[in-house]
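The values are calculated or read from the model by the stated rules, or taken from the named source; none is laboratory data. Fair warning: this is a prediction, and the values are worked out from it, not measured in the lab. Neighbour counts run over all protein chains shown; Cβ positions are idealised from the backbone, glycine included. Only protein heavy atoms, including side chains, enter the accessible area calculation; ligands, DNA and RNA are left aside. Shrake-Rupley method; radii C 1.70, N 1.55, O 1.52, S 1.80 Å.
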Amino acid sequence: MLKVVKVTKKFGEIRALNGVSFEVKGGEILGIIGPNGAGKTTLFGVISGFIKPDSGDVRLNGRSIVGKKPSKLVKMGVVRTFQIIKVFKHMTVEENVEVASSNGKTSEVLKEVGLWDKRKMLAKNLSQGELRRLSIGMALATNPKVLLLDEPFSGLSPKEANDLSSIVKMLNENGITQVIIEHKLKELFDLAERIVVLNFGKVIFEGHPEEVVRNENVVKAYLGGWEC
């Protein structure tokens, strides 16, 4: 469904992405991991249209999407969330989803993310986990085909993380392709079918979660300093 082909992006003398290539199958959950500065967020920026690469291509169902604005990509089905949660805090939960909605299924979306009972509450009064679910609900309201989740488990309690995992699995069962950047490896490895490891803008490993933790180079370079 999604193909990244030799994508390169420099900021001054810093090469944030250096020939990154990988594919995402339809309905798959793909995890992307790597230390800070590896290029993960830049990669999401390129895929979602917020950053234009210097070279390379991104293809959705065989069609190049490089150069298209984020608003156009949302209409094509490529939607991202952000590590720093972006919602309208002085609007109700329901109003937030309605603003994003393109399918008229606000009630259905709120039930899917477990926020129906809090639909009249101002977003600013939600917990961190509820805010995270609201941001995903706003993304779902656009009817995505590919959902890019940037550190969705960041700052969540174990219960909140478990609730979010259930939502990610439900989306997977509904056929939504998901790409997840995450530092909390336990939560990610329980969900992702494959893992791509980035370091200094390059893909250094791609495989199943159990293969990642057995790879000597990955373990030596990264896992010892990451939150599991």
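Observations on the structure shown:
- Cα gyration tensor shape of the range 91-159, rounded if a/c is under 1.5, else prolate or oblate by comparing a/b with b/c: oblate
- Estimated translational diffusion coefficient (Stokes-Einstein, Kirkwood radius over Cα pairs, 10 °C, 1.306 mPa s) of the range 128-197: 129 µm² per second.
- Neighbours of K111, meaning other residues whose beta-carbon lies under 10 angstrom from its beta-carbon, give a summed charge of -1 when Lys and Arg score +1 and Asp and Glu score -1.
- Among S48, S71, S165: highest mean-square fluctuation, GNM of the chain, C-alpha pairs under 10 Å: S71
- Counted by Cβ distance under 10 Å from F50, the other residues give a net charge of +3, where Lys and Arg count +1 and Asp and Glu count -1.
- The range 1-154 - convex hull of the alpha-carbon atoms, volume per residue in Å³: 117 Å³
- Accessible area (Å², 1.4 Å probe, nearest 10) - K111: 130 Å²
- Its relative contact order, with pairs defined as Cα atoms under 8 Å and 6+ residues apart, puts the range 14-140 at 19 percent.
- The accessible-area ordering, largest first, of the residues F44, F82, F205, F88 stands as F88, F82, F205, F44, per a 1.4 angstrom probe.
- Kirkwood hydrodynamic radius of the range 26-107, Cα pairs, Å: 14.9 Å
- Accessible area ranking (1.4 Å probe, heavy atoms, ligands and nucleic acids excluded), largest first, for R15, R119, R133: R15, R119, R133.
- Estimated at the nearest 10 Å², the accessible area of K6 is 140 Å² with a 1.4 Å probe.
- Shape call, the range 1-67: gyration tensor on alpha carbons, a/c limit 1.5: oblate
- Nearest-0.05 FRET efficiency for R59 and E206, computed from C-beta distance (R0 22 Å): 0.80
- Residues E206, E94 ordered from highest to lowest accessible area at a 1.4 Å probe: E206, E94.
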